[in-house]
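Peer 1: Handing you this structure, nothing more for now.
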Amino acid sequence: METDGWSKDHHHSAGHALAGKNRVFTILVVEGTLSFEGFLGEFFKSEGHYILRARTRKDALAQTREYRPDLILLDNEMEGVPGLALLPELLIENASAAVVVIAGHPSVDEAVEAMKMGAAEYLERPLDRERLKRAIDTQKALFSSQP
């Protein structure tokens, strides 16, 4: 499991703190190679989000189960597992999470399928900073309105 600049021990205790009333908006980035790590890392740090990272299906499911992220950014081209195959599994672990599918080779059929499977948004690479920010802001507004 990886976090954005946190030690494993700090990460574990922070996860429990996130369960409290004033918890931070949490994003899980599920991407096999973490190839968009630099761009996203800078973006998220500037926004003040708590970031988790997973490179494998197993890690993604474990972190979703343990930390219950508010938003999951899911690469649809993870090595060995098509991202859309992982989408329903993530939603079973945390039905309240919003999942944004990120497509390297987008198609209308795949976008429709992703939305039918429960994705909140379907974005294509290269990621447009403004579209990503709008997708996150939409989910943060829903997060803020929860009791």
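Peer 1: Could you say whether any residue in region 16-33 is in a helix (DSSP H, G or I), modelled with pLDDT under 95 and either at negative phi or not acidic (Asp, Glu) (or both)?
Peer 2: Looking through region 16-33, at least one residue is in a helix (DSSP H, G or I), modelled with pLDDT under 95 and either at negative phi or not acidic (Asp, Glu) (or both).
Residue by residue, here is whether (1) among the hydroxyl-bearing types (Ser, Thr, Tyr); (2) modelled with pLDDT of 85 or more; (3) in a loop (DSSP other than H, G, I, E, B); (4) under 23 Å from LYS45 (Cα atoms) holds:
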{"site": "GLU79", "(1), (2), (3), (4)": "no, no, yes, no"}
{"site": "GLU89", "(1), (2), (3), (4)": "no, yes, no, no"}
{"site": "LEU132", "(1), (2), (3), (4)": "no, yes, no, yes"}
{"site": "ASP137", "(1), (2), (3), (4)": "no, yes, no, yes"}
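Peer 1: Given the criteria buried (at least 18 other Cβ atoms within 10 Å of the Cβ), β-branched (Val, Ile, Thr), under 21 Å from ALA141 (Cβ atoms) and modelled with pLDDT of 75 or more, does VAL100 qualify?
Peer 2: Working: buried (at least 18 other Cβ atoms within 10 Å of the Cβ): yes; β-branched (Val, Ile, Thr): yes; under 21 Å from ALA141 (Cβ atoms): yes; modelled with pLDDT of 75 or more: yes.
Here the answer is yes, as VAL100 does meet what is asked.
Peer 1: Only one residue in GLU110, GLU121, GLU79 is within 18 Å of GLY32 (Cα to Cα) and among the acidic types (Asp, Glu), so which one is that?
Peer 2: GLU79
Peer 1: Do we find that GLU79 is of a type outside the set (A, V, I, L, M, F, W, C) and surrounded by 14 or more Cβ atoms within 10 Å (Cβ to Cβ) in this structure? Spell out the reasoning first.
Peer 2: Working: of a type outside the set (A, V, I, L, M, F, W, C): yes; surrounded by 14 or more Cβ atoms within 10 Å (Cβ to Cβ): no.
Judged against the criteria, GLU79 is not a match.
Peer 1: For region 35-77, which positions are assigned to a helix (DSSP H, G or I) and at pLDDT below 85?
Peer 2: GLU37, GLY38, PHE39, LEU40, GLY41, GLU42, PHE43, PHE44, LYS45, SER46, GLU47, listed by residue number.
Peer 1: With of a type outside the set (Gly, Ala, Ser) and under 20 Å from TYR50 (Cβ atoms) as the only criterion, which of ILE92, ILE136 stands out?
Peer 2: Exactly one residue qualifies, and that residue is ILE136.
The values are calculated or read from the model by the stated rules, or taken from the named source; none is laboratory data. None of the values given here were measured: they were computed from a predicted structure. Heads up, the Cβs are rebuilt from the backbone with ideal geometry, glycines too, and the neighbour counts pull from every protein chain shown.
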